[in-house]
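The values are calculated or read from the model by the stated rules, or taken from the named source; none is laboratory data. These numbers were taken from a predicted model, which means no experiment stands behind them. In this analysis, Cβ positions are derived from the backbone assuming ideal geometry, glycine residues included, and neighbour counts consider all displayed protein chains.
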Amino acid sequence: MDRQQEFVLRTIEERDVRFVRMWFTDVVGSLKSVALAPAEVEGAFEEGLGFDGSAIEGLARVFESDMLAQPDPSTFQILPWRGEKDQTSRMFCDILTPDGEPSAADPRNVLKRTLAKAADMGFTCYTHPEIEFYLLKSQDLGPDGIPVPVDQAGYFDHVPGGAAQDFRRTAVTMLENVGISVEFSHHEGGPGQNEIDLRYADALQTADNIMTFRTVIKEVALQQGTYATFMPKPFSEHPGSGMHTHFSLFEGDTNAFYEAGAEFQLSLTARQFIAGVLRHAPEFTAVTNQFVNSYKRLWGGGEAPSYLSWGHNNRSALVRVPLYKPGKGQSARIEYRGIDSAANPYLAYAVLLGAGLKGIEEGYELPAAAEDDIESLTAGERRAMGHDPLPSSLHDAVRQMEDSELLPQILGEQVFEHFLRNKRAEWQEYRLQVTRYELQRYLGIL
(Lines give C-alpha, C1' and ligand atoms only; values in the text may rest on other atoms or scores of the structure.)
Protein backbone atom coordinates (compact mmCIF):
# COMPACT_ATOMS: atom_id res chain seq x y z
CA MET A 1 0.00 0.00 0.00
CA ASP A 2 1.41 3.40 -0.94
CA ARG A 3 1.63 6.50 1.25
CA GLN A 4 -1.38 8.24 -0.28
CA GLN A 5 -3.58 5.23 0.39
CA GLU A 6 -2.29 5.06 3.98
CA PHE A 7 -3.01 8.79 4.41
CA VAL A 8 -6.61 8.30 3.21
CA LEU A 9 -7.25 5.36 5.55
CA ARG A 10 -5.70 7.21 8.50
CA THR A 11 -7.73 10.37 7.78
CA ILE A 12 -10.98 8.39 7.50
CA GLU A 13 -10.29 6.91 10.94
CA GLU A 14 -9.07 10.12 12.62
CA ARG A 15 -11.90 12.29 11.23
CA ASP A 16 -14.53 9.60 11.82
CA VAL A 17 -15.62 9.72 8.18
CA ARG A 18 -18.79 7.65 7.80
CA PHE A 19 -19.26 7.67 4.03
CA VAL A 20 -16.69 7.58 1.23
CA ARG A 21 -18.16 8.55 -2.12
CA MET A 22 -16.55 7.11 -5.24
CA TRP A 23 -16.99 9.56 -8.11
CA PHE A 24 -16.60 9.02 -11.84
CA THR A 25 -18.04 10.49 -15.02
CA ASP A 26 -20.04 9.10 -17.92
CA VAL A 27 -19.41 9.98 -21.56
CA VAL A 28 -21.56 13.14 -21.56
CA GLY A 29 -20.03 14.39 -18.30
CA SER A 30 -22.71 13.45 -15.73
CA LEU A 31 -21.21 12.76 -12.32
CA LYS A 32 -21.79 9.25 -10.96
CA SER A 33 -21.41 8.35 -7.28
CA VAL A 34 -21.46 5.29 -5.05
CA ALA A 35 -20.96 5.47 -1.26
CA LEU A 36 -18.60 3.01 0.46
CA ALA A 37 -18.49 2.15 4.14
CA PRO A 38 -15.07 3.07 5.59
CA ALA A 39 -14.23 -0.60 6.18
CA GLU A 40 -14.49 -1.28 2.44
CA VAL A 41 -12.05 1.40 1.27
CA GLU A 42 -8.86 -0.66 1.72
CA GLY A 43 -10.35 -3.45 -0.40
CA ALA A 44 -11.38 -0.92 -3.08
CA PHE A 45 -7.77 0.31 -3.24
CA GLU A 46 -6.51 -3.26 -3.71
CA GLU A 47 -9.15 -4.72 -6.00
CA GLY A 48 -11.47 -1.92 -7.14
CA LEU A 49 -15.24 -1.86 -6.70
CA GLY A 50 -17.24 -3.97 -9.15
CA PHE A 51 -20.33 -2.49 -10.84
CA ASP A 52 -22.50 -2.88 -13.94
CA GLY A 53 -20.82 -0.68 -16.55
CA SER A 54 -23.59 -1.21 -19.12
CA ALA A 55 -25.95 0.82 -16.92
CA ILE A 56 -23.71 3.91 -17.29
CA GLU A 57 -23.96 6.09 -20.40
CA GLY A 58 -21.29 4.95 -22.87
CA LEU A 59 -19.14 3.04 -20.40
CA ALA A 60 -19.61 -0.55 -21.53
CA ARG A 61 -21.63 -2.72 -23.86
CA VAL A 62 -23.96 -5.30 -22.33
CA PHE A 63 -21.70 -8.26 -23.19
CA GLU A 64 -18.77 -6.65 -21.32
CA SER A 65 -20.71 -5.01 -18.50
CA ASP A 66 -18.53 -5.98 -15.52
CA MET A 67 -16.30 -3.02 -14.63
CA LEU A 68 -14.16 -1.93 -11.67
CA ALA A 69 -14.00 1.54 -10.09
CA GLN A 70 -10.46 2.11 -8.75
CA PRO A 71 -10.28 5.09 -6.34
CA ASP A 72 -7.46 7.59 -6.88
CA PRO A 73 -6.18 8.40 -3.35
CA SER A 74 -4.63 11.69 -4.51
CA THR A 75 -8.17 13.05 -5.02
CA PHE A 76 -9.41 12.35 -1.47
CA GLN A 77 -11.31 15.26 0.09
CA ILE A 78 -13.82 15.74 2.91
CA LEU A 79 -17.07 17.23 1.51
CA PRO A 80 -17.79 20.26 3.73
CA TRP A 81 -21.40 20.74 2.61
CA ARG A 82 -22.33 17.39 4.21
CA GLY A 83 -21.68 18.87 7.66
CA GLU A 84 -19.47 17.92 10.61
CA LYS A 85 -21.67 15.05 11.78
CA ASP A 86 -21.39 11.74 9.91
CA GLN A 87 -18.71 13.25 7.69
CA THR A 88 -18.62 12.36 4.00
CA SER A 89 -15.57 12.30 1.73
CA ARG A 90 -14.98 11.64 -1.96
CA MET A 91 -12.38 10.20 -4.30
CA PHE A 92 -12.39 10.21 -8.09
CA CYS A 93 -12.08 6.79 -9.67
CA ASP A 94 -10.43 5.34 -12.72
CA ILE A 95 -12.56 2.72 -14.47
CA LEU A 96 -10.89 -0.61 -15.14
CA THR A 97 -11.84 -3.80 -16.97
CA PRO A 98 -12.09 -7.02 -14.88
CA ASP A 99 -8.48 -7.89 -15.76
CA GLY A 100 -7.29 -4.57 -14.31
CA GLU A 101 -6.65 -2.70 -17.58
CA PRO A 102 -7.80 0.94 -17.95
CA SER A 103 -11.20 1.08 -19.65
CA ALA A 104 -11.04 2.63 -23.12
CA ALA A 105 -14.48 4.15 -22.47
CA ASP A 106 -13.57 6.01 -19.25
CA PRO A 107 -13.46 9.78 -20.01
CA ARG A 108 -10.82 10.30 -17.31
CA ASN A 109 -8.66 7.69 -19.03
CA VAL A 110 -9.17 9.41 -22.42
CA LEU A 111 -7.61 12.57 -20.96
CA LYS A 112 -4.87 10.56 -19.23
CA ARG A 113 -3.93 8.96 -22.57
CA THR A 114 -3.68 12.38 -24.24
CA LEU A 115 -1.57 13.74 -21.37
CA ALA A 116 0.69 10.67 -21.65
CA LYS A 117 1.19 11.47 -25.33
CA ALA A 118 2.08 15.07 -24.40
CA ALA A 119 4.54 13.72 -21.84
CA ASP A 120 6.13 11.49 -24.51
CA MET A 121 6.65 14.69 -26.55
CA GLY A 122 8.26 16.32 -23.49
CA PHE A 123 5.28 18.47 -22.41
CA THR A 124 3.21 18.99 -19.28
CA CYS A 125 -0.15 20.72 -19.91
CA TYR A 126 -1.53 23.35 -17.53
CA THR A 127 -5.05 24.73 -17.73
CA HIS A 128 -6.97 27.57 -16.12
CA PRO A 129 -10.77 27.67 -16.66
CA GLU A 130 -13.13 30.63 -16.34
CA ILE A 131 -16.49 29.05 -15.53
CA GLU A 132 -19.75 30.95 -16.10
CA PHE A 133 -23.19 29.95 -14.86
CA TYR A 134 -26.58 31.47 -14.08
CA LEU A 135 -28.10 31.75 -10.63
CA LEU A 136 -31.90 31.52 -10.77
CA LYS A 137 -34.63 31.98 -8.17
CA SER A 138 -35.68 28.38 -8.75
CA GLN A 139 -35.65 25.59 -11.30
CA ASP A 140 -39.25 26.49 -12.17
CA LEU A 141 -39.98 28.82 -15.08
CA GLY A 142 -41.62 32.20 -14.54
CA PRO A 143 -45.16 33.08 -15.69
CA ASP A 144 -43.81 34.10 -19.12
CA GLY A 145 -42.23 30.65 -19.57
CA ILE A 146 -38.60 31.70 -19.06
CA PRO A 147 -36.25 31.27 -16.04
CA VAL A 148 -36.19 33.96 -13.34
CA PRO A 149 -32.68 35.22 -12.43
CA VAL A 150 -31.85 36.19 -8.84
CA ASP A 151 -30.91 39.77 -9.84
CA GLN A 152 -30.77 42.25 -12.71
CA ALA A 153 -27.11 43.15 -12.20
CA GLY A 154 -24.48 43.28 -14.95
CA TYR A 155 -20.75 42.80 -15.57
CA PHE A 156 -18.61 43.38 -12.43
CA ASP A 157 -21.61 44.99 -10.68
CA HIS A 158 -21.31 45.22 -6.91
CA VAL A 159 -24.72 44.68 -5.32
CA PRO A 160 -24.56 45.24 -1.53
CA GLY A 161 -26.40 42.42 0.21
CA GLY A 162 -27.14 40.85 -3.17
CA ALA A 163 -27.95 37.14 -3.44
CA ALA A 164 -25.16 36.54 -5.96
CA GLN A 165 -22.54 38.23 -3.80
CA ASP A 166 -23.43 36.13 -0.74
CA PHE A 167 -23.54 33.07 -2.97
CA ARG A 168 -20.07 33.66 -4.44
CA ARG A 169 -18.53 34.24 -1.00
CA THR A 170 -19.94 30.97 0.34
CA ALA A 171 -19.11 29.03 -2.83
CA VAL A 172 -15.49 30.24 -2.98
CA THR A 173 -14.96 29.33 0.69
CA MET A 174 -16.39 25.87 0.11
CA LEU A 175 -14.28 25.34 -3.03
CA GLU A 176 -11.14 26.23 -1.11
CA ASN A 177 -12.21 23.84 1.67
CA VAL A 178 -12.09 20.98 -0.86
CA GLY A 179 -8.66 22.04 -2.13
CA ILE A 180 -9.74 24.01 -5.22
CA SER A 181 -7.93 27.36 -5.46
CA VAL A 182 -9.98 30.25 -6.86
CA GLU A 183 -8.38 33.17 -8.65
CA PHE A 184 -11.33 35.51 -9.31
CA SER A 185 -15.09 35.64 -8.84
CA HIS A 186 -17.49 38.29 -10.11
CA HIS A 187 -20.89 39.03 -11.58
CA GLU A 188 -21.00 38.43 -15.32
CA GLY A 189 -22.90 40.27 -18.08
CA GLY A 190 -26.30 38.57 -17.82
CA PRO A 191 -28.81 39.02 -14.97
CA GLY A 192 -28.00 36.41 -12.33
CA GLN A 193 -24.90 35.35 -14.30
CA ASN A 194 -21.67 34.72 -12.39
CA GLU A 195 -18.11 33.72 -13.19
CA ILE A 196 -15.59 31.95 -10.98
CA ASP A 197 -12.05 31.39 -12.31
CA LEU A 198 -10.00 28.50 -10.96
CA ARG A 199 -6.27 28.80 -10.46
CA TYR A 200 -4.17 26.98 -13.04
CA ALA A 201 -3.38 23.30 -12.48
CA ASP A 202 -2.40 20.33 -14.62
CA ALA A 203 -5.18 19.36 -17.02
CA LEU A 204 -6.30 16.18 -15.21
CA GLN A 205 -6.56 17.94 -11.87
CA THR A 206 -8.45 20.79 -13.57
CA ALA A 207 -10.99 18.37 -15.06
CA ASP A 208 -11.49 16.76 -11.63
CA ASN A 209 -11.83 20.24 -10.14
CA ILE A 210 -14.49 21.22 -12.68
CA MET A 211 -16.60 18.16 -11.81
CA THR A 212 -16.28 19.06 -8.11
CA PHE A 213 -16.94 22.74 -8.88
CA ARG A 214 -20.29 21.98 -10.52
CA THR A 215 -21.36 19.93 -7.52
CA VAL A 216 -20.30 22.65 -5.04
CA ILE A 217 -22.10 25.38 -7.01
CA LYS A 218 -25.30 23.32 -7.17
CA GLU A 219 -25.12 22.45 -3.45
CA VAL A 220 -24.50 26.04 -2.29
CA ALA A 221 -27.36 27.29 -4.47
CA LEU A 222 -29.75 24.73 -2.98
CA GLN A 223 -28.62 25.67 0.56
CA GLN A 224 -29.44 29.32 -0.19
CA GLY A 225 -32.82 28.59 -1.75
CA THR A 226 -31.72 29.31 -5.33
CA TYR A 227 -30.85 27.21 -8.37
CA ALA A 228 -27.60 27.21 -10.38
CA THR A 229 -27.51 26.14 -14.02
CA PHE A 230 -24.62 25.48 -16.39
CA MET A 231 -27.00 25.40 -19.38
CA PRO A 232 -25.06 27.14 -22.20
CA LYS A 233 -27.86 29.57 -23.16
CA PRO A 234 -30.87 29.76 -20.81
CA PHE A 235 -31.93 33.23 -22.06
CA SER A 236 -32.26 34.17 -25.72
CA GLU A 237 -31.58 37.87 -25.04
CA HIS A 238 -28.65 37.49 -22.59
CA PRO A 239 -25.11 36.09 -22.99
CA GLY A 240 -24.53 32.35 -22.79
CA SER A 241 -22.28 30.67 -20.24
CA GLY A 242 -18.84 29.76 -21.53
CA MET A 243 -15.84 28.04 -19.97
CA HIS A 244 -12.96 29.91 -21.60
CA THR A 245 -9.85 27.88 -20.81
CA HIS A 246 -6.22 29.00 -20.85
CA PHE A 247 -3.67 26.40 -21.98
CA SER A 248 0.10 26.34 -21.63
CA LEU A 249 2.68 23.64 -22.28
CA PHE A 250 5.81 23.34 -20.15
CA GLU A 251 9.06 21.53 -20.89
CA GLY A 252 10.33 20.90 -17.37
CA ASP A 253 10.23 24.32 -15.70
CA THR A 254 10.24 26.24 -19.00
CA ASN A 255 7.11 27.58 -20.66
CA ALA A 256 7.22 26.10 -24.18
CA PHE A 257 4.79 28.79 -25.46
CA TYR A 258 7.14 31.69 -24.67
CA GLU A 259 9.86 33.10 -26.88
CA ALA A 260 11.34 36.49 -26.04
CA GLY A 261 11.39 38.85 -29.02
CA ALA A 262 8.99 36.78 -31.15
CA GLU A 263 5.71 38.27 -32.38
CA PHE A 264 3.41 38.46 -29.31
CA GLN A 265 6.27 36.58 -27.52
CA LEU A 266 4.82 33.36 -28.99
CA SER A 267 7.18 30.46 -29.66
CA LEU A 268 6.96 28.28 -32.76
CA THR A 269 5.53 25.53 -30.52
CA ALA A 270 2.71 27.86 -29.42
CA ARG A 271 1.97 28.90 -33.01
CA GLN A 272 1.80 25.29 -34.17
CA PHE A 273 -0.41 24.41 -31.20
CA ILE A 274 -2.86 27.21 -32.07
CA ALA A 275 -2.80 26.14 -35.73
CA GLY A 276 -3.72 22.59 -34.70
CA VAL A 277 -6.60 23.80 -32.52
CA LEU A 278 -7.96 26.02 -35.33
CA ARG A 279 -7.64 23.39 -38.06
CA HIS A 280 -9.44 20.71 -36.06
CA ALA A 281 -11.94 22.91 -34.16
CA PRO A 282 -14.89 22.11 -36.51
CA GLU A 283 -14.24 18.39 -35.92
CA PHE A 284 -14.18 18.62 -32.11
CA THR A 285 -16.90 21.24 -31.59
CA ALA A 286 -19.47 18.49 -30.93
CA VAL A 287 -17.34 17.59 -27.87
CA THR A 288 -16.65 21.11 -26.56
CA ASN A 289 -20.23 22.20 -27.33
CA GLN A 290 -22.15 18.99 -26.87
CA PHE A 291 -25.81 19.99 -26.56
CA VAL A 292 -28.47 21.38 -28.91
CA ASN A 293 -28.56 24.47 -26.70
CA SER A 294 -24.77 24.97 -27.04
CA TYR A 295 -25.24 26.38 -30.55
CA LYS A 296 -27.65 29.05 -29.32
CA ARG A 297 -24.67 30.36 -27.32
CA LEU A 298 -22.11 29.98 -30.13
CA TRP A 299 -24.27 31.84 -32.63
CA GLY A 300 -26.11 34.12 -30.22
CA GLY A 301 -23.56 36.93 -29.87
CA GLY A 302 -22.43 38.06 -26.42
CA GLU A 303 -18.70 37.50 -27.08
CA ALA A 304 -19.18 33.86 -28.05
CA PRO A 305 -16.81 33.21 -30.98
CA SER A 306 -18.28 31.40 -33.99
CA TYR A 307 -15.50 31.68 -36.61
CA LEU A 308 -12.05 30.10 -36.91
CA SER A 309 -9.68 32.86 -35.91
CA TRP A 310 -7.01 33.83 -33.45
CA GLY A 311 -5.83 37.18 -32.23
CA HIS A 312 -3.71 39.02 -29.74
CA ASN A 313 -6.06 40.22 -27.02
CA ASN A 314 -8.95 40.05 -29.54
CA ARG A 315 -12.06 38.91 -27.64
CA SER A 316 -13.98 38.17 -30.84
CA ALA A 317 -11.43 35.49 -31.81
CA LEU A 318 -11.86 31.79 -31.12
CA VAL A 319 -8.30 31.58 -29.78
CA ARG A 320 -7.03 34.60 -27.90
CA VAL A 321 -3.42 35.28 -26.93
CA PRO A 322 -3.69 37.31 -23.70
CA LEU A 323 -1.72 40.51 -23.28
CA TYR A 324 1.92 39.79 -22.53
CA LYS A 325 3.14 41.07 -19.16
CA PRO A 326 6.82 42.10 -19.30
CA GLY A 327 9.03 39.82 -17.24
CA LYS A 328 6.35 37.14 -16.96
CA GLY A 329 7.35 34.71 -19.69
CA GLN A 330 6.25 31.78 -17.52
CA SER A 331 2.63 32.96 -17.81
CA ALA A 332 2.57 32.82 -21.64
CA ARG A 333 -0.58 30.95 -22.68
CA ILE A 334 -3.43 30.76 -25.15
CA GLU A 335 -7.15 30.97 -24.39
CA TYR A 336 -9.76 28.84 -26.18
CA ARG A 337 -13.07 30.70 -26.03
CA GLY A 338 -15.40 28.29 -27.82
CA ILE A 339 -15.98 25.74 -25.05
CA ASP A 340 -19.10 26.07 -22.89
CA SER A 341 -19.52 25.25 -19.22
CA ALA A 342 -21.68 22.17 -19.88
CA ALA A 343 -18.89 20.25 -21.64
CA ASN A 344 -17.45 17.01 -20.30
CA PRO A 345 -14.10 18.48 -19.15
CA TYR A 346 -12.15 15.24 -19.60
CA LEU A 347 -13.17 14.78 -23.23
CA ALA A 348 -13.12 18.51 -24.06
CA TYR A 349 -9.57 18.99 -22.77
CA ALA A 350 -8.45 15.76 -24.44
CA VAL A 351 -9.62 16.91 -27.90
CA LEU A 352 -8.29 20.46 -27.51
CA LEU A 353 -4.90 19.26 -26.32
CA GLY A 354 -4.84 16.45 -28.90
CA ALA A 355 -5.53 18.91 -31.72
CA GLY A 356 -2.79 21.24 -30.50
CA LEU A 357 -0.28 18.39 -30.23
CA LYS A 358 -1.19 17.33 -33.78
CA GLY A 359 -0.31 20.84 -34.94
CA ILE A 360 3.10 20.55 -33.24
CA GLU A 361 3.74 17.05 -34.62
CA GLU A 362 2.84 17.97 -38.19
CA GLY A 363 4.33 21.48 -38.10
CA TYR A 364 1.05 23.23 -38.99
CA GLU A 365 1.45 26.82 -40.15
CA LEU A 366 -0.50 29.50 -38.32
CA PRO A 367 -2.47 31.98 -40.48
CA ALA A 368 -2.29 35.72 -39.80
CA ALA A 369 -3.84 37.02 -36.59
CA ALA A 370 -7.26 38.68 -36.78
CA GLU A 371 -7.11 42.33 -35.76
CA ASP A 372 -10.75 43.31 -36.47
CA ASP A 373 -13.96 42.40 -34.68
CA ILE A 374 -14.75 39.27 -36.68
CA GLU A 375 -18.51 39.55 -36.15
CA SER A 376 -18.51 43.02 -37.77
CA LEU A 377 -16.88 41.78 -41.01
CA THR A 378 -19.00 40.85 -44.00
CA ALA A 379 -19.32 37.18 -44.98
CA GLY A 380 -17.10 37.87 -48.01
CA GLU A 381 -14.41 39.54 -45.88
CA ARG A 382 -14.41 36.64 -43.43
CA ARG A 383 -14.15 34.16 -46.30
CA ALA A 384 -11.24 36.05 -47.86
CA MET A 385 -9.40 36.07 -44.53
CA GLY A 386 -9.99 32.33 -43.97
CA HIS A 387 -12.33 32.78 -41.00
CA ASP A 388 -14.52 29.78 -41.72
CA PRO A 389 -17.53 29.24 -39.44
CA LEU A 390 -17.77 26.72 -36.66
CA PRO A 391 -20.68 24.26 -36.99
CA SER A 392 -23.98 26.14 -36.64
CA SER A 393 -25.96 23.32 -34.98
CA LEU A 394 -25.40 20.05 -33.18
CA HIS A 395 -26.37 18.28 -36.41
CA ASP A 396 -23.60 20.10 -38.33
CA ALA A 397 -21.10 19.41 -35.55
CA VAL A 398 -21.92 15.69 -35.55
CA ARG A 399 -21.47 15.55 -39.33
CA GLN A 400 -18.03 17.17 -39.07
CA MET A 401 -17.03 14.90 -36.20
CA GLU A 402 -18.11 11.82 -38.21
CA ASP A 403 -15.66 12.80 -40.97
CA SER A 404 -12.72 13.34 -38.61
CA GLU A 405 -9.66 11.10 -38.70
CA LEU A 406 -8.15 12.69 -35.60
CA LEU A 407 -11.08 12.38 -33.16
CA PRO A 408 -11.26 8.55 -33.12
CA GLN A 409 -7.52 8.53 -32.38
CA ILE A 410 -7.91 10.90 -29.42
CA LEU A 411 -11.15 9.56 -27.97
CA GLY A 412 -10.73 5.91 -28.92
CA GLU A 413 -13.23 4.14 -31.17
CA GLN A 414 -15.61 3.17 -28.36
CA VAL A 415 -16.04 6.68 -26.92
CA PHE A 416 -16.10 8.18 -30.42
CA GLU A 417 -18.92 5.87 -31.60
CA HIS A 418 -20.97 6.10 -28.42
CA PHE A 419 -20.67 9.87 -28.25
CA LEU A 420 -21.89 10.19 -31.83
CA ARG A 421 -24.78 7.80 -31.14
CA ASN A 422 -25.83 9.84 -28.13
CA LYS A 423 -25.69 13.13 -30.03
CA ARG A 424 -27.54 11.81 -33.08
CA ALA A 425 -30.34 10.68 -30.75
CA GLU A 426 -30.42 14.10 -29.06
CA TRP A 427 -30.68 15.89 -32.41
CA GLN A 428 -33.41 13.55 -33.64
CA GLU A 429 -35.43 14.15 -30.46
CA TYR A 430 -34.95 17.92 -30.71
CA ARG A 431 -35.86 18.28 -34.38
CA LEU A 432 -39.20 16.57 -33.82
CA GLN A 433 -40.23 19.09 -31.15
CA VAL A 434 -42.78 21.81 -31.94
CA THR A 435 -41.43 24.85 -30.08
CA ARG A 436 -43.17 27.78 -28.44
CA TYR A 437 -41.63 30.02 -31.12
CA GLU A 438 -43.31 28.03 -33.91
CA LEU A 439 -46.69 28.10 -32.19
CA GLN A 440 -46.51 31.85 -31.55
CA ARG A 441 -45.31 32.63 -35.05
CA TYR A 442 -47.44 30.33 -37.17
CA LEU A 443 -50.54 29.19 -35.30
CA GLY A 444 -52.46 32.43 -35.73
CA ILE A 445 -51.52 33.11 -39.36
CA LEU A 446 -51.55 29.74 -41.06
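Here are the numbers for the structure shown:
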read-out	value
Only listed residue being in contact (Cβ under 8 Å) with a residue 40 or more places away in the chain, of a type in the set (A, V, I, L, M, F, W, C) and in contact with a Gly (Cβ under 7 Å, 6 or more places away or on another chain), chosen from 332, 355, 342, 348	355
Single match in 213, 284, 273, 264 (criterion: at positive phi and part of a helix (DSSP H, G or I))	264
Count of residues meeting criterion [of a type outside the set (A, V, I, L, M), within 24 Å of the chain's Cα centre (by Cα) and either in a strand (DSSP E or B) or farther than 20 Å from residue 346 by Cα (or both)] in the range 241-261	9
One residue from 375, 365 being among the acidic types (Asp, Glu), part of a helix (DSSP H, G or I) and in the same structural domain as residue 301 (by TED's automatic domain parsing)	375
Residues satisfying the stated conditions in the range 105-147, i.e. among the acidic types (Asp, Glu) and outside the structural domain of residue 214 (by TED's automatic domain parsing)	106
Residues of the range 242-273 satisfying the condition of being more than 23 Å from residue 288 (Cα to Cα) and among the aliphatic types (A, V, I, L, M)	256, 260, 262, 266, 268
Matching entry among 315, 279, 271 (being surrounded by fewer than 21 Cβ atoms within 10 Å (Cβ to Cβ) and at pLDDT 95 or above)	279
Residue within the range 169-181 that is crowded, with 17+ Cβ neighbours inside 10 Å and of a type in the set (Lys, Arg) present	no
Any pair with Cβ under 8 angstrom, 6 or more apart, that starts in the range 420-446 at a residue that is in contact (Cβ under 8 Å) with a residue 12 or more places away in the chain and under 20 Å from residue 295 (Cβ atoms) and ends at one that is assigned to a helix (DSSP H, G or I) and charged (D, E, K, R)	420/402
Selection within the range 174-193 - part of a strand (DSSP E or B) and within 30 Å of residue 255 (Cβ to Cβ)	182, 183, 184, 185, 186
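The rows are residues; the columns are (1) more than 26 Å from residue 7 (Cα to Cα); (2) assigned to a strand (DSSP E or B).
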| residue | (1), (2) |
| --- | --- |
| 24 | no, yes |
| 27 | yes, no |
| 44 | no, no |
| 54 | yes, no |
| 68 | no, yes |
| 74 | no, no |
| 84 | no, no |
| 99 | yes, no |
| 129 | yes, yes |
